[in-house]
Amino acid sequence: MIDVQRLRVLRAVAEHGSFNKAAAALLLTPSAVSQHIAALERSLGHPVAVRSTRGVTLTEPGRLLVEAAETISAELDQVRRAIDRLTQERPRLTVATFTSGGRHLLPLALARFVQAHPEVELTVLESEPEDAVPMVRSGAADLALAYHFDGPPPRGPGGRRDLDWQPLTDDPLWVVLPRGHGLADRSSVDLGELAGDRWVLGCLKTEAFLRRYAELAGFHLRVGASTTDYFFAQTLVAAGVGVSLVPEVALVGTGESVAVRVEPPRPTRHIGLLLPRRRRTNPLTEALAEALTTAATTSPTAPQTGARP
């Protein structure tokens, strides 16, 4: 039988890249760490780590064990939280969400959920998808409202399958222009037509898309301002700082800006739920997931004031 404590030690070695650093993190001596790893290798019958002057390299069996250790650790955290819930007077539920999705979908979903479950104490944590993945995996959040652009849904390094992705809705991006812009009266624009404009960035992921597009289209992306908030970015557009690329659910009517459809291939965010793949499902998590699914299918997604249909 593989000892859980030895798996914990191996996981620390993998995380820190050396026996000494792992020992410091675990409050053990380097000799104790070495003994744990040696005992693990004897019980397994295979080497799990190779030491060199450059640090520690895991073998293939070692990598498999570390992945198993992470899963076991997450399962134990989830069990501990489930036991904590059993001893609480009021049931609790924690949902992680990215900002614009939370503002658009959560109020509708939570209104339905709270009406059906008034006894539940809710906690909402604002986090980007890459931060929400370990939260759901460890049980710090029961579920997460997340998104991705191109590629697979967010599941963390290696695309591990201990989390489920439940699609909710597609969220196309729109170009937001100052009302006096020369293309503001168009029903749609090609991004290449804005090669000479300055851009207001509202998200690092949108910036990455724009830079890839500009490179393929052969023009240099001129950045007038960078923010981490789509709503703030739109106020800067209205002030004439530049133009921006904004997801549909984050569009707001400023009165001094116009949202114009992007011509195909249209960049799109895919919004969905990250759920833990557990043996026992929390019925409250299922209820909130169902409420978010209903909100995604019934919520109006048309751009707000000032947008072109």
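What is the spin-label model distance, in nm, from residue 18 to residue 266 if the labels are put 7 Å beyond Cα along the C-beta direction?
Each label point lies 7 Å from its Cα, and together they span 5.4 nm.
Sort 277, 11, 155 by accessible area with a 1.4 Å probe, largest first. Provide the component values of the computation, followed by the final result.
Details: 277 115, 11 85, 155 30 Å².
My answer, sorted largest first, is 277, 11, 155.
I want to verify the translational diffusion coefficient of the range 1-150 in µm²/s; compute it with Stokes-Einstein, Rh as the Kirkwood radius over Cα pairs, at 4 °C and 1.567 mPa s.
72
Rounded to the nearest percent, how much of the accessible area of the chain (1.4 Å probe, protein heavy atoms only) is carbon and sulfur?
Its accessible area is 54 percent carbon and sulfur atoms.
By accessible area of protein heavy atoms, probe 1.4 Å, what ranking do 46, 104 get, highest first?
Working: 46 105, 104 40 Å².
Highest to lowest solvent-accessible surface, that is 46, 104.
Using the Cα centre of the chain as origin and beta-carbon charges of +1 (Lys, Arg) and -1 (Asp, Glu), tell me which of 144, 105, 257 is placed farthest towards the positive end of the dipole.
Looking along the dipole axis, the top candidate is 144.
Whole number please: convex hull volume per residue, Cα atoms of the chain, in Å³.
171
Pulled fully out, how much extra length does the chain show between residue 122 and residue 35, if you take 0.36 nm times their separation in residues and subtract their Cα-Cα distance?
Using 0.36 nm per residue and subtracting the Cα-Cα distance, I get 26.8 nm.
For the chain, with a Gaussian network of springs between Cα atoms less than 10 Å apart, report the residue from 138, 226, 34 with the top mean-square fluctuation.
In this elastic network of the chain, the residue with the biggest mean-square fluctuation among 138, 226, 34 is 34.
At 10 °C and a viscosity of 1.306 mPa s, what translational diffusion coefficient does Stokes-Einstein give for the range 1-60, taking Rh as the Kirkwood radius over Cα pairs? Give it in µm²/s as a whole number.
Approximately 141 µm²/s, per Stokes-Einstein.
With helices defined as uninterrupted DSSP H runs, which ones in the chain have an alpha carbon span along their own long axis of at least 30 Å and mean Kyte-Doolittle hydropathy of at least -1.0? Numbers along the way, then the final one.
Numbers: long enough: 60-86 (39 Å, -0.23).
Going by DSSP H runs, the hits are 60-86.
Of the options 221, 153, 206, report the single residue whose Cα projects farthest towards the positive end of the charge dipole of the range 130-242 (beta-carbon charges: Lys, Arg +1; Asp, Glu -1).
221
Residue farthest toward the positive end of the dipole of the chain, with Cβ of Lys/Arg at +1 and Asp/Glu at -1: which of 38, 180, 233?
38
Just how large is the dipole of the chain about the Cα centre, in debye to the nearest 20, putting +1 at every Lys and Arg Cβ and -1 at every Asp and Glu Cβ?
In debye, rounded to 20, the chain gives about 720.
So, for the chain, what is the accessible surface per residue at a probe of 1.4 Å, expressed in square angstrom? Don't jump to the answer; show the numbers that get you there.
Values: 15860 Å² over 309 residues.
Each residue of the chain exposes 51 Å² on average to a 1.4 Å probe.
Amide H to amide H, which residues 5 or more places from residue 257 or on other chains are under 5 Å from it, using H placed in the peptide plane?
Amide H to amide H, under 5 Å and 5 or more residues apart or across chains, residue 257 pairs with 179.
Can you grab the distance from the C-alpha centre of the range 2-19 to the C-alpha centre of the range 171-231, Å, no decimals?
Using only Cα atoms to place each centre, the spacing works out to 46 Å.
Solvent-accessible area of residue 165, probe 1.4 Å, all protein chains present, reported in Å² to the nearest ten, please.
40
Using only the alpha-carbon atoms of the range 109-183 as identical scatterers, what base-10 log of I(q)/I(0) does the Debye formula give at q = 0.18, 0.19, 0.20, 0.22 Å⁻¹?
-0.87, -0.92, -0.97, -1.08
So for the chain, averaging the separation of alpha carbon pairs under 8 Å that are six or more residues apart and normalising by length, what relative contact order in percent results?
On the way: 529 pairs, mean separation 59.4, N = 309.
About 19 percent, as a whole number.
Return, ordered by residue number, the residues of the range 218-240 whose backbone nitrogen is under 13 Å from a label point located 7 Å along Cα→Cβ of residue 131.
Output list for this probe position: 228-229.
The values are calculated or read from the model by the stated rules, or taken from the named source; none is laboratory data. Computed from a prediction, not measured in an experiment: that's the story for all the values here. Please note: Cβ atoms are built from the backbone with ideal geometry, for glycine as well, and neighbour counts cover all protein chains shown. In case anyone asks, the SASA skips ligands and DNA or RNA and just uses the protein heavy atoms, side chains included. Shrake-Rupley method; radii C 1.70, N 1.55, O 1.52, S 1.80 Å.
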